[in-house]
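A.B. asks: Before anything else, here's the structure in question.
The values are calculated or read from the model by the stated rules, or taken from the named source; none is laboratory data. Not measured: the values here are computed from a predicted model. Reconstructed Cβ throughout: ideal geometry from the backbone, glycine too, with neighbour counts over all protein chains shown.
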Amino acid sequence: MPLTQVNEYYLKSKEQIEKAISQASKGASDFIDVEILENKTTQRVKIGSGRPGPNSKYEDREQITYHIQWCRNETAIEQASKTDGIFPLITNTTLPATDVLKTYKQQPFLEKRFYTKKSVLEVAPVFLEKNRRIEAMMFLYFISLMIVSLIERNIRRQMAEEQIEDLPILPARMKTKNPTWNNIRYFFRNVHLALIIEGDRILQSTVKGVTQLHFRLLKLLKVPPGAYDSLRDDWWNFKFQ
């Protein structure tokens, strides 16, 4: 509520006025000194209803009103003006200031990796009692994140070497200049292994959904196209010696 309505509506108590001042000066409270002045007056008020008469009784009631007095905090304003246009960074390294700023500007790339970990790799809360199990779980996610990062770096390097500006691998065949692992995963979503089975025997196995653009992408990823020719059922099961 506007501060012009002091002593009215919802700004009758000191607490309500203080709250309104806090909201009105949000972000600039350090530069403004505000004082709430209290004024007490006494009024003689008739007790009970009806018209005043010779037997009417009266009592003194205290009425409090508030006024606001404010001024600029010139000291705080002058102190803050000394840091205008300055971007402070604190570091525990011995790097020059320019290198510290360059390193700091890499933060968005790190944040992108956190996004990949939470959304693409779908890291979620787990309830494990032993620290070594938590460490093992996070280590696996770390390896996964490293693989994703290397895939993205390698395909972008290959695109630069072969002077490929973009690839139409996004939904609706839209193009991207910087393919991510999530883009690549989406593009390969319809590639599948089709099996014809009779009883317990596999009569025929065929990889379907691989187009020329898929083979082009595999080349950029340095994945041999023949890898799809050797796909068999249960190909994802690994045996450790």
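A.B. asks: Could you go through the stretch 77-88 and let me know if any residue there is closer than 30 Å to residue 153 by Cβ and either assigned by TED's automatic domain parsing to the domain that holds residue 152 or at pLDDT below 90 (or both).
C.D. replies: yes
A.B. asks: Go through the stretch 152-169 residue by residue and tally those that are under 18 Å from residue 116 (Cβ atoms) and surrounded by 18 or more Cβ atoms within 10 Å (Cβ to Cβ).
C.D. replies: 3
A.B. asks: Condition test on residue 43, is it more than 30 Å from residue 180 (Cα to Cα) and surrounded by 12 or more Cβ atoms within 10 Å (Cβ to Cβ)?
C.D. replies: no
A.B. asks: Could you tell me how many of the residues in the stretch 170-208 are in a strand (DSSP E or B), within 33 Å of the chain's Cα centre (by Cα) and surrounded by fewer than 10 Cβ atoms within 10 Å (Cβ to Cβ)?
C.D. replies: 0
A.B. asks: To continue, here is another question. Kindly indicate whether any position in the stretch 113-126 is surrounded by 10 or more Cβ atoms within 10 Å (Cβ to Cβ), free of Cβ contacts under 8 Å to residues at least 60 places away in the same chain, among the β-branched types (Val, Ile, Thr) and outside the structural domain of residue 152 (by TED's automatic domain parsing).
C.D. replies: No, the conditions are met nowhere in the stretch 113-126.
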